[in-house]
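Report on one structure; see the data block that follows.
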Amino acid sequence: MNQNMALLSQTEIDTLLDFLQKSKVGEEVMDQTSIDRLINLLQTDKKPQLKFNANIPEMRGHDEQPILLLDGISNIEEQKRCVLECKVDAGTKYLHIICRDDAKNAEYEITPTCVSELHFCRTDTSCWGYAIPPVTFDHIAALMTVKYTKSAFDAVCRIFAEHMFGDVQIIIPEIYMPTTYDLIHNLKD
């Protein structure tokens, strides 16, 4: 990709258009910051930092617009007040990622399909399974520009350690954990 974000090759333009059409954002207006962010996600000439879930884009610069927007949220500030949580279904024992908006008394379930398509799907029934890596939980928060509490993050870590390693007390390998920088920016005060 060209270093100048304003100049794209035809292949890069085609890739970006294909991504936008598949993500169903064709009817929405994107500002330059969002466009630059998408272009940055599509760069292939950089070697990404090795992390477990390379398919979920890692977000930098936390003053930017969210890529994954919730239905029913009228503005970005409204979404930023939401909190990311996790719950375990009593019947299936599957982990559910929930974005909670206390002001509206609303909960939005964030599914794997929502994340992979970068589009909120209220009727989607895909599930995460028994656990997700903590780095995935952190990346979801960054994609949505929301924060999570330490107790929610600790719960994700406990559940992941139990299902991945069979011991909730084990130290989770760094490859599954977000960076300190991401934790500082995504943990709710």
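The table for this structure:
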quantity	calculated
Flagged links, alpha-carbon separation over 18 Å, of LYS93/LYS147; LYS87/LYS150; LYS87/LYS147; LYS93/LYS150	LYS93/LYS147; LYS93/LYS150
Two-site label geometry, ASP124 and ASP14: point separation in nm, points 7 Å out along Cα→Cβ	2.7 nm
Loop-located chymotrypsin sites (Phe, Trp or Tyr not before Pro) in the range 91-180 whose Cβ has at most 16 other Cβ within 10 Å (DSSP)	TYR94, TYR130
Protein accessible area in the range 98-189, 1.4 Å probe - carbon and sulfur %	53 percent
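The values are calculated or read from the model by the stated rules, or taken from the named source; none is laboratory data. Quantities reported herein were computed from a predicted structural model and do not represent experimental measurements. As a convention, Cβ positions derive from the backbone with ideal geometry for all residues, glycine included, and neighbour counts pool all protein chains shown. Remember, those area values only see protein heavy atoms, side chains included, never the ligands or the DNA or RNA. Shrake-Rupley method; radii C 1.70, N 1.55, O 1.52, S 1.80 Å.
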